[in-house]
Amino acid sequence: MFNWTGNHKIGILGTSNCGKTVFLTSLLWHLDAHDRDKFDSPQITDCEIISDKDKEFNYIKNKNIFAQFKKWPDKTTDYAKVTCKYKREDCFLTRNVTFIDIPGERMSDIQIWQSKNYAEWSDTLFKYWDNEPSLKNIVQTFCDKLEKIELKEETVIRLYKDLLKAFILNYSPITPSTYYLAENGTMLSEEDIEGNNYYNKAIWEYGDFAPLPQKFRTGKLTKIFENRYKNYKKKVIKPLFDEINSCDNFIVCVDIFDILNAGRQALYKCEYEIKTFFDKVKPNKFMSLYNHIGKNPPRIAFVATKSDLVTGENLDKLNTLLDKLVLRCKSKDIKSKSFTCSAFRSTRIDERGTVIGMCDDGNNYEVVAKLPNEWPLNWSSEQYCFWTVSPGDYNNAPPAQTNLDKIFHFITEDQDK
Ligand SMILES: Nc1nc2c(ncn2[C@@H]2O[C@H](COP(=O)(O)OP(=O)(O)OP(=O)(O)O)[C@@H](O)[C@H]2O)c(=O)[nH]1
Ligand SMILES: [Mg+2]
């Protein structure tokens, strides 16, 4: 059924640093100051951007950081909600599109959202770790140590923190994610990880908990963890995922460069999170996720971000790598489409066809980003190193973009392909 009002609620998902906030800031900017030459669409007018009072998306601040300081926006520390009302020349109705931006760390709690209870969450995590050889060994050490100790809260939590430290170094999910990004927005810093304070930091300020294999889930400690898991789900997960639950369409951002730079575990993590998310939104299984307006199955745009770092055959490879990554997750019942995108084009191509970008020191460099044809079976992180460039000089006009307009039309269902 066609959603004739053009009203939508759109969730923007993806791991930390993959470009969600830049994407949303640039998109709002293009709608706010629409220029058809820069953003292909029937003319957009009367745009009003209304940020949620409690969960503010700081559009103006983000825009000013770009325009005045030539810097990228700050990392997101809590989920944010913003509505954009606008008119389009081909439609007399005012459109109303709401976006949800999340801190990428919370993606690691996707299994808590999915699982019915503490036991299911624990079992699923151990299965996840078991399927990846490099993680299996680390987790085995954790399980071996559990065998040898009395199952007391303090000792188990200490062991779990050791495990999480190994996961941080291996780009594996940190869950409960509040250990990495607390509810109040404080991040676990490199100093924290290396310093003595590491064990003192709470996994969750209202009570630490850790997953346990089935054979250890017997005594009093399990009851304590079960209760804290329940509270965590209610307090941290529910508010965020209730917003996600009520979205009708989604944009899933993927930073292929970051995955290649981090190594195979990052690919495994990203695939797993997308797959888990997809299982949840698949039609027939969880009807509640159907479009709140028209009862349509959701649409999903898979987006390989930061495409301005590559050109020519490497841009084609970026597309292929994204397609291969999301292939396992696709379903015939969900309309999904893959895009490469640069929400904020920060590089230029010189006359030799080389990508040039400005780095933090203010100098321009050749941005060498060579991508593989296929996802390698295994690779070392030094094999793929990529540049981080500064945003260009944009004054007060929306930045140059690639495919941001196409993604917007797809996700707001103005384009049916
Ligand atoms: N070259 C280029 N870099 C980008 C682009 N978008 C984002 N980046 C880079 O990616 C970084 C992270 O972008 P964010 O939008 O803050 O990432 P995020 O997904 O919101 O991250 P969290 O808030 O941690 O979840 C930026 O600081 C930039 O360095 C883009 O279009 N082009
Ligand atoms: Mg962000």
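Read-outs: derived from the displayed coordinates by stated rules, not from any lab. In this text, all values refer to a predicted model and were calculated from it rather than measured experimentally. Neighbour counts run over all protein chains shown; Cβ positions are idealised from the backbone, glycine included.
A few remarks follow.
- Less than 5 angstrom separates the built amide H of GLN401 from those of ARG345, all sequence-distant by 5 or more or on a different chain.
- For SER338, nonlocal amide neighbours, meaning residues 5 or more places apart or on other chains whose placed amide H falls under 5 Å from its own, are PHE302.
- For region 181-216 and region 297-336, distance of Cα centres in Å: 34 Å
- Given R0 = 45 Å, the distance between the Cβ atoms of THR186 and LEU93 translates into a calculated FRET efficiency of 0.55.
- HN-Hα J in Hz across region 238-249 - Karplus 6.51, -1.76, 1.60, θ = phi - 60°, x for Gly and Pro: 4, x, 5, 6, 5, 5, 4, 4, 8, 6, 9, 9
- Ranking of TYR199, TYR171 by neighbouring Cβ atoms within 10 Å, starting from the fewest: TYR199, TYR171.
- Calculated FRET value between LYS238 and ASP350, using beta carbons and R₀ = 45 Å, to 0.05: 0.35
- Compared with the dominant principal axis of the Cα atoms in the chain, helix 264-281 is inclined by about 80°.
- The length gained on full extension between THR83 and TYR365, counted as 0.36 nm times the residue separation minus their Cα-Cα distance, comes to 97.7 nm.
- Summed residue charge, Cβ within 11 Å of ASP308's Cβ, Lys/Arg positive, Asp/Glu negative: +3
- Within region 306-389, the GluC sites (Glu not before Pro) that combine a DSSP coil assignment with at most 13 other C-beta atoms in a 10 angstrom radius are GLU351, GLU374.
- Helix 220-232 vs. the chain, principal-axis angle (Cα, 0 to 90°, nearest 10): 10 degrees
- Counting DSSP beta bridges with both ends in the chain, the antiparallel % (nearest 5): 50 percent
- Between helix 133-148 and the chain: long-axis angle, C-alpha atoms, 0 to 90°, nearest 10: 30 degrees
- Looking at region 100-140, the trypsin sites (Lys or Arg not before Pro) that sit in a DSSP loop and have at most 15 other Cβ atoms within 10 Å of their own Cβ are LYS116.
- Modelled label positions at ARG36 and GLU154, each set 7 Å beyond Cα in the direction of Cβ, lie 7.1 nm from each other.
- GluC sites (Glu not before Pro) restricted to DSSP loop in region 1-104 with at most 13 other C-beta within 10 Å: GLU89
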